[in-house]
Amino acid sequence: MNRGLEPEGERVAHGGPAAGNAGPRMRRPLLPPGPAAPLPIGVLGAAIDWAVVALGAAMVALVFVNVVFHVFGRDVAWTTELCEFMMVWVTFLGGAAATRRGAHMRITEFLDKLSGPPRRLADAAVQALALVVLGLLVWFGLGIVAASRGNILTVLDWPMAWQYLSLPVGSAATFVFVAWDLAQILRGVPAAERYGR
Amino acid sequence: MFAVNVFVAFFVIALAGVPLVYALLVTTVGMIWAKGLSHPLETIFLAYIGGVEPFILIAVPLFVFAGELLSQGGVGRRIVELARVLFGFLPGGLGVVTVASCLMFGGVSGSAIADTAAIGSLIIPTMIERGYSRAFAAALLAVAGTLALLMPLSIPFLVYAFISGVSMRTLSMSGVIPAFISAAALVAVCVWYGRKTGCDSGSERASRAEIWRAFRAAGPALVMPVIIVGGIWSGYFTPTESAAVAVVYGLAVSLFLYGDITWRDVPRLVLSAFQTSAVVMLVLGATAAMAWLLTAEQVAMQLAEWVKVVAQQQWMFLLLVNLALLLLGIFIEPLPALLLTAPLFLPLAKVFNVDLVHLGVVMTANLAIALYTPPVGGTLFVAAKLANAGIGAITRALVPLMTATVLVLILITYVPALSTTLVRLILN
């Protein structure tokens, strides 16, 4: 589907109707709740959402502080490296958060022509393929982490492995969400419910 | 014919509904297995990580965030009011107001969908009230929203700058004249439509006091692009730095001056912006993985040989670029389309002596059209929903508008000076 930066239904929903009608005393939650899921998956989802918020806010602050230094003719060398470090993490974790809300870019025009059991089968096949890719990413990601143990980031002096760890960690979390989604598909739960829309 | 295998495999998998990031990775890994190639998968996945890391890309979530901050609040309303007092008196005035609002809002936010949604939700009801058909209102908003992509803060420009190595500073200057020409073409269609249907003969001219009041209200929002663009064009800020300044300025204006959002909205907006950009970044990283394989197998060189036989001259190459992108754009979103094709077009552009900045503008203008080419398209869907109009009716209403934009596309393609003049004026 052809939607620029904002794929399929997937911008984070605003509060929801329940939050709006809850009366003046009840404040709506700071982050939109994800779809219904067993407690451990819900906790993992919330933890990832907040990690994305924290990393994102820190990146904005860091780049801005560096601009201020820049105005006074100074440059803080480690901000660039730290920002790149956080960028990799925020991307793989953000990808996991997007998975939970069914927000990845995909072409659904042909899939949408199916309904009933064929659609369920197709959805299941797509998620099964995603699981294979994610499994490879976790496995080879861990290999990359192990192989880069000796390397150090030039300015920060941190092990490169910490940065590469984002790939297997983010992919593993995504794997959990996709596996849960696959289980839901096989049970016949409709998409609107699976992605908390 | 390695290239053909890769592209066919990718398209079959992607059209089957597999998220693009996995479709790209599975095609890459699958090709290595199927062909028994000796590339270790670690290298492919390192290219995947490497694709999301570079500092310039940090500008992408920051631009999305800044745009979101402003589209949440009353900035759109104030911009529409300013456009109304300035242009509302013309025949087809409301259409002209729409185009001017989209152009101004596009200067603040680099996302076409945000532009169509923010301006459309304000102006479509008024257009329908004034007697415009729902289909024309939707069609106009779907087209005018994409003006954002040619304005300086365009996100496709950022991505193209990264892939091509052209500086964002130059690129952000080169889209301005094409954006204004496109806007002028759309204004002409609106005036023609207003005369033809007689549905909107224009309202009364606004008084000086009204204009001043509207200008003061919209001013703080319009200062933002001036700061950012000024920062980038003067070379004082990098795009990433200017994006951070934009976010902080946007926060200050929305929180303290306009009061459209509160602190409690901030975490939600941060999550939304970084999640949206993570989706883009992952596709970018996966494209980098595939590009690694294509480079290792020397596909770009083979393709260049082939294209050199088919397109013998520069104009034919440019025509080929346009046709390929318009076709691709029917189904694939602008950013992935850009990510997939730019690495192939760039070496060819050098062969055919096409200026890389010019190529970036041509590609972006094409992708803008893809956003509203029926039957599917991002701004098309948003506008159709806002106006409650059917895609079939919108398609008919799109004919005069698309004729105008395609003519402008041809103009942009074959008159490189439109893209390069402003750059030359500013940099000299």
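The values are calculated or read from the model by the stated rules, or taken from the named source; none is laboratory data. Just so it is clear, the structure is predicted and the values come from calculations on it, not from any experiment. Here the Cβ positions follow ideal geometry from the backbone for every residue, glycine too, while neighbour counts run over all protein chains shown. Note: accessible area is taken over every heavy atom of the protein model, side chains too, but ligands, DNA and RNA are not part of it. Shrake-Rupley method; radii C 1.70, N 1.55, O 1.52, S 1.80 Å.
Looking only at residues that are more than 8 Å from every other protein chain (Cβ to nearest Cβ) and of a type in the set (D, E) in the stretch A:62-94, which one is nearest to B:F55 (Cα to Cα)?
A:E81
Name the single residue that is farthest from B:L269 (Cα to Cα) among those in the stretch B:62-111 being open to solvent by less than 10 Å² (accessible area, probe 1.4 Å) and part of a loop (DSSP other than H, G, I, E, B).
B:G92
If the requirement is being closer than 22 Å to B:G51 by Cβ, open to solvent by 10 Å² or more (accessible area, probe 1.4 Å), part of a helix (DSSP H, G or I) and free of Cβ contacts under 8 Å to residues at least 24 places away in the same chain, which of these qualifies: A:V138, A:V145?
A:V145
Based on what the data block shows, is A:D123 in contact with a Lys or Arg (Cβ under 8 Å, 6 or more places away or on another chain), buried (at least 19 other Cβ atoms within 10 Å of the Cβ) and among the acidic types (D, E)?
Against the criterion (in contact with a Lys or Arg (Cβ under 8 Å, 6 or more places away or on another chain), buried (at least 19 other Cβ atoms within 10 Å of the Cβ) and among the acidic types (D, E)), A:D123 does not qualify.
Could you list all residues from the stretch B:40-58 that are open to solvent by less than 40 Å² (accessible area, probe 1.4 Å) and in a loop (DSSP other than H, G, I, E, B)?
Listed by number, the residues that qualify are B:G51, B:V52, B:P54.
Could you check the stretch B:374-399 and list, in sequence order, the residues that are within 14 Å of B:L149 (Cβ to Cβ) and not in a helix (DSSP H, G or I)?
B:G377
Within the stretch B:365-413, can you find the residues that are away from chain A (no Cβ under 14 Å) and of a type in the set (D, E, K, R)?
B:R396
Among the residues of the stretch B:171-201, which ones are part of a loop (DSSP other than H, G, I, E, B) and either aliphatic (A, V, I, L, M) or exposed (fewer than 15 other Cβ atoms within 10 Å of the Cβ) (or both)?
Those that are part of a loop (DSSP other than H, G, I, E, B) and either aliphatic (A, V, I, L, M) or exposed (fewer than 15 other Cβ atoms within 10 Å of the Cβ) (or both): B:G198, B:S201.
Looking at this structure, is B:Y132 among the aromatic types (F, W, Y) and within 13 Å of the chain's Cα centre (by Cα)?
no
Just to be sure I understand, how many residues within the stretch B:261-304 are open to solvent by less than 10 Å² (accessible area, probe 1.4 Å), in contact with a Phe, Trp or Tyr (Cβ under 7 Å, 6 or more places away or on another chain) and farther than 30 Å from A:A61 by Cα?
Of the residues in that region, 2 qualify.
I need a count of the residues in the stretch B:13-39 that are open to solvent by 20 Å² or more (accessible area, probe 1.4 Å) and in a loop (DSSP other than H, G, I, E, B).
Residues flagged as open to solvent by 20 Å² or more (accessible area, probe 1.4 Å) and in a loop (DSSP other than H, G, I, E, B) within the stretch B:13-39 amount to 6.
Testing B:V4 on (1) at the interface with chain A (Cβ under 10 Å from one of its Cβ atoms); (2) open to solvent by 30 Å² or more (accessible area, probe 1.4 Å); (3) within 19 Å of B:P343 (Cα to Cα), one condition comes back false. Which one is that?
(1)
Quick one: B:V247 ticks every box in (1) out of contact with any Phe, Trp or Tyr (no Cβ under 7 Å at 6 or more places or on another chain); (2) in a helix (DSSP H, G or I); (3) buried (at least 22 other Cβ atoms within 10 Å of the Cβ) except a single one, so which number is it?
(1)
Given the residues A:R120, A:R149, A:R100, which is the only one that is within 11 Å of chain B (Cβ to nearest Cβ), of a type outside the set (A, V, I, L, M, F, W, C) and in contact with a helix residue (DSSP H, G or I) (Cβ under 7 Å, 6 or more places away or on another chain)?
None of the others qualify; the one that does is A:R100.
Restricting the stretch A:37-61 to residues that are over 14 Å from the mean Cα position of the chain (by Cα) and facing chain B (nearest Cβ under 8 Å), which is surrounded by the fewest Cβ atoms within 10 Å (Cβ to Cβ)?
The extreme case among them is A:A57.
For B:A114, which of the numbered conditions (1) among the aliphatic types (A, V, I, L, M); (2) surrounded by fewer than 24 Cβ atoms within 10 Å (Cβ to Cβ); (3) within 14 Å of chain A (Cβ to nearest Cβ) fails to hold?
Looking at each condition in turn, B:A114 falls short on (2).
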